[in-house]
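The values are calculated or read from the model by the stated rules, or taken from the named source; none is laboratory data. Since the structure is predicted, the reported quantities are computational estimates derived from the model, not experimental observations. Glycine also receives a Cβ, built like all others from the backbone with ideal geometry; neighbour counts cover every protein chain displayed. With ligands, DNA and RNA removed, areas are computed over all heavy atoms of the protein, side chains included. Shrake-Rupley method; radii C 1.70, N 1.55, O 1.52, S 1.80 Å.
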Amino acid sequence: MKKIFVASKNKGKISEIKSYLSPLGFEIFSLLDTPGIPEIEETGTTFEENAKIKAKAVFDIIKIPVLADDSGLEVDLLEGRPGVFSARYSGIGANDEKNNTMLLAELGETELNKRTARFKCVIVMHDGLNNRVFEGECEGIIIFQPRGNRGFGYDPLFMPVGYTKTFAELGNDIKNEISHRGKALKSLVKFLELENTM
Ligand code: IMP
């Protein structure tokens, strides 16, 4: 069985990736199975750079193909911020609630149609030789107050285009269908399926 190592400790992410790759015959391992791998600093200035840094650093230790991702929110009025700083947006001691409060403060009373934003996700597969890059985006707007409690991060403030509910109200099934991560994963699956046939 072919093995892939997921450079993440996030149970939700790992099980989402498993649900896509197990049917293709991959055995999935992750940082949860391998304690002792040091935290890898995200020193890049783009999602792609960060994902490549993580994938290579973990491959150098694990020596089986590694998947690493980086993702975040880009808000047009903030010229793409928080971007790669999405998790750390509100500074030392940042958490989802503080980040959301900070985002609402920065956007202030700006009208809804100017509060456009997108989630982006880049997944990199590194096998010692090649970096394969898979990307996904999801467009939406940042509403005025958090709504819903089913998500994480900026989900309660993000309403995807074509929906009247936030990611935190829509829940995982719908979110995974339309999200940045879902789209990046689907393009990874297409690549792996194609490789399987060659
Ligand atoms: P990471 O790529 O998992 O490190 O995510 C970076 C940060 O981007 C998270 O801490 C969240 O703040 C934000 N983020 C990424 N994806 C999502 C999402 O699907 N919903 C809400 N926030 C997200």
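Looking at Lys190, Lys183 in this structure, which one is open to solvent by 80 Å² or more (accessible area, probe 1.4 Å), within 12 Å of the ligand (Cβ to nearest atom) and among the charged types (D, E, K, R)? Let's see the steps before the verdict.
Details: Lys190 fails: within 12 Å of the ligand (Cβ to nearest atom).
Only one candidate passes the filter, namely Lys183.
Quick check, is Gly44 under 19 Å from Phe158 (Cα atoms) and open to solvent by less than 40 Å² (accessible area, probe 1.4 Å)?
Details: under 19 Å from Phe158 (Cα atoms): no; open to solvent by less than 40 Å² (accessible area, probe 1.4 Å): yes.
When the stated conditions are applied, Gly44 does not pass them.
Out of the residues in segment 70-111 that are within 21 Å of Arg181 (Cβ to Cβ) and away from the ligand (no atom under 11 Å from the Cβ), which is surrounded by the most Cβ atoms within 10 Å (Cβ to Cβ)?
Taking segment 70-111 first, the residues within 21 Å of Arg181 (Cβ to Cβ) are 70-76, 80-89, 94-96, 99-100, 103.
Within this subset, residues satisfying the condition of being away from the ligand (no atom under 11 Å from the Cβ) are 75-76, 80-81.
Details: Val75: 22, Asp76: 14, Gly80: 15, Arg81: 17.
The residue in question is Val75.
Which residues, counting only those in segment 73-102, are in contact with a helix residue (DSSP H, G or I) (Cβ under 9 Å, 6 or more places away or on another chain) and of a type in the set (Asp, Glu)?
Answer for segment 73-102, where residues must be in contact with a helix residue (DSSP H, G or I) (Cβ under 9 Å, 6 or more places away or on another chain) and of a type in the set (Asp, Glu): Glu74, Asp76, Asp96.
Looking only at segment 163-174, which residues are open to solvent by 10 Å² or more (accessible area, probe 1.4 Å) and assigned to a helix (DSSP H, G or I)? If you could, list the steps in order and put the result at the bottom.
Start the filter on segment 163-174 by keeping residues that are open to solvent by 10 Å² or more (accessible area, probe 1.4 Å), which leaves 163-165, 169-170, 172-174.
Once the filter is applied, which keeps residues that are open to solvent by 10 Å² or more (accessible area, probe 1.4 Å) and assigned to a helix (DSSP H, G or I), segment 163-174 yields Glu169, Leu170, Asn172, Asp173, Ile174.
Restricting attention to segment 10-31, which residues are more than 14 Å from Val66 (Cβ to Cβ) and surrounded by fewer than 16 Cβ atoms within 10 Å (Cβ to Cβ)?
Correct list: Asn10, Lys11, Gly12, Ser15, Ser19, Ser22, Pro23, Leu24, Gly25.
I'd like to know if segment 132-150 contains one or more residues that are more than 16 Å from the ligand (Cβ to nearest atom), under 22 Å from Asp69 (Cβ atoms) and either free of Cβ contacts under 8 Å to residues at least 60 places away in the same chain or under 14 Å from the mean Cα position of the chain (by Cα) (or both).
So far as segment 132-150 goes, yes, one or more of its residues are more than 16 Å from the ligand (Cβ to nearest atom), under 22 Å from Asp69 (Cβ atoms) and either free of Cβ contacts under 8 Å to residues at least 60 places away in the same chain or under 14 Å from the mean Cα position of the chain (by Cα) (or both).
More than 24 Å from Asn149 (Cα to Cα), hydrophobic (A, V, I, L, M, F, W, C) and free of Cβ contacts under 8 Å to residues at least 40 places away in the same chain: does that describe Ile62? Talk me through it step by step, then tell me what you get.
Working: more than 24 Å from Asn149 (Cα to Cα): yes; hydrophobic (A, V, I, L, M, F, W, C): yes; free of Cβ contacts under 8 Å to residues at least 40 places away in the same chain: no.
In short, no.
Do we find that Lys3 is touching a residue at least 40 places away in the same chain (Cβ under 8 Å) and open to solvent by 20 Å² or more (accessible area, probe 1.4 Å) in this structure?
Numbers: touching a residue at least 40 places away in the same chain (Cβ under 8 Å): yes; open to solvent by 20 Å² or more (accessible area, probe 1.4 Å): yes.
Yes.
Does Gly80 satisfy the criteria of being small (Gly, Ala, Ser) and on the phi > 0 side of the Ramachandran plot? Explain how you work it out, then say what you get.
On the way: small (Gly, Ala, Ser): yes; on the phi > 0 side of the Ramachandran plot: yes.
Taking the combined requirement at face value, the residue satisfies it.
Can you pull out every residue in segment 112-127 that is open to solvent by 40 Å² or more (accessible area, probe 1.4 Å) and either within 19 Å of Phe85 (Cβ to Cβ) or not acidic (Asp, Glu) (or both)? Full working, then the answer.
In the first step, residues of segment 112-127 are kept if they are open to solvent by 40 Å² or more (accessible area, probe 1.4 Å); the result is 112-114, 116, 120, 127.
Listed by number, the residues that qualify are Leu112, Asn113, Lys114, Thr116, Lys120.
Being open to solvent by 80 Å² or more (accessible area, probe 1.4 Å) and within 24 Å of Gly80 (Cβ to Cβ) is the filter here; which residues of segment 148-161 pass it? Working first, answer last.
Quick first cut of segment 148-161, residues open to solvent by 80 Å² or more (accessible area, probe 1.4 Å) only: 149-150, 152, 161.
Result: Phe152, Val161.
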